[in-house]
Amino acid sequence: MALSRALIVALLTATIFPTISMATDFIVGDGKGWTVGFDYQTWAANKVFHVGDKLIFEYSTGEHNVFKVNGTDFRNCTVPAASQGLTSGEDVIVLETPGRKWYLCGVGDHCQNGQKLFVNVLPSETQAPSPSPLSSVLPVTVPRSPSPAPWSSPSSSPVLSKYRWVPRKLIAMFQP
Ligand code: CU
């Protein structure tokens with residue numbers, strides 16, 4: 001029974017999880033964090049961002065900051081008023097709407113030196129959840145009580161005798 005229960009859990013997990021959105025936390029720049037001398041466009045290029053995901057900008061407080069800007073300011077590295085910046089050193093931005101988002105560092109010439117990030121945010125993946133996953137999955141995945149294996153009784157072993165027979169038959173086929 002323990003095996004059956006484990007099987008059910010595994011099947012339920014495999015079946016239901018694709019329909020559940022797991023919001024992703026992206027640490028911008030991964031181990032490098034938010035800094036100069038890092039190519040954030042390459043970092044973002046192989047990632048898919050969805051509404052509900054988080055961008056986490058990690059840096060030493062005071063060395064950098066984070067500003068959300070528009071596309072023109074991104075291109076020109078135009079830094080908004082300081083009051084609009086994030087400065088905690090671990091700034092978490094929840095991607096709340098789909099579309100293009102631009103971020104830059106407003107310290108010195110960091111933006112000109114590549115400390116800027118553009119991401120395109122896709123709609124949330126949670127748009128079409130299965131209405132009742134348990135009721136649709138359980139009848140399929142609950143196994144019947146296992147019938148006794150044919151080889152469990154020593155008096156009858158149809159499987160073994162069958163396999164003992166086959167090789168002899170095959171050998172006979174290859175004999176002249
Ligand atoms: Cu900076």
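See the values below:
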quantity	calculated
Every residue from region 59-81 that is within 18 Å of Asn120 (Cβ to Cβ) and among the polar types (S, T, N, Q)	Asn70, Thr72
Verdict on Thr24 being modelled with pLDDT of 95 or more, within 19 Å of Val119 (Cα to Cα) and more than 16 Å from the ligand (Cβ to nearest atom)	yes
Top-ranked residue in region 62-92 [being of a type outside the set (A, V, I, L, M, F, W, C) and either in a strand (DSSP E or B) or not assigned by TED's automatic domain parsing to the domain that holds Thr35 (or both); ranked as farthest from Leu104 (Cα to Cα)]	Glu90
Number of positions in region 28-44 that are more than 15 Å from the ligand (Cβ to nearest atom) and open to solvent by 60 Å² or more (accessible area, probe 1.4 Å)	4
Test result for Asp73, open to solvent by 30 Å² or more (accessible area, probe 1.4 Å) and either under 18 Å from Gly99 (Cα atoms) or at pLDDT below 95 (or both)	yes
Selection within region 89-119 - without any contact (Cβ under 8 Å) to a residue 40 or more places away in the chain and within 11 Å of the ligand (Cβ to nearest atom)	Leu104, Gly108, Asp109, Cys111, Gln112
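The values are calculated or read from the model by the stated rules, or taken from the named source; none is laboratory data. Just so we're clear, the structure is a prediction, and the values are computed from it rather than from any experiment. Cβ coordinates were reconstructed from backbone atoms using ideal geometry, including for glycine residues, and neighbour counts include every protein chain displayed. Each accessible area value is taken on the protein alone, full model and side chains, heavy atoms only, with ligands, DNA and RNA left out. Shrake-Rupley method; radii C 1.70, N 1.55, O 1.52, S 1.80 Å.
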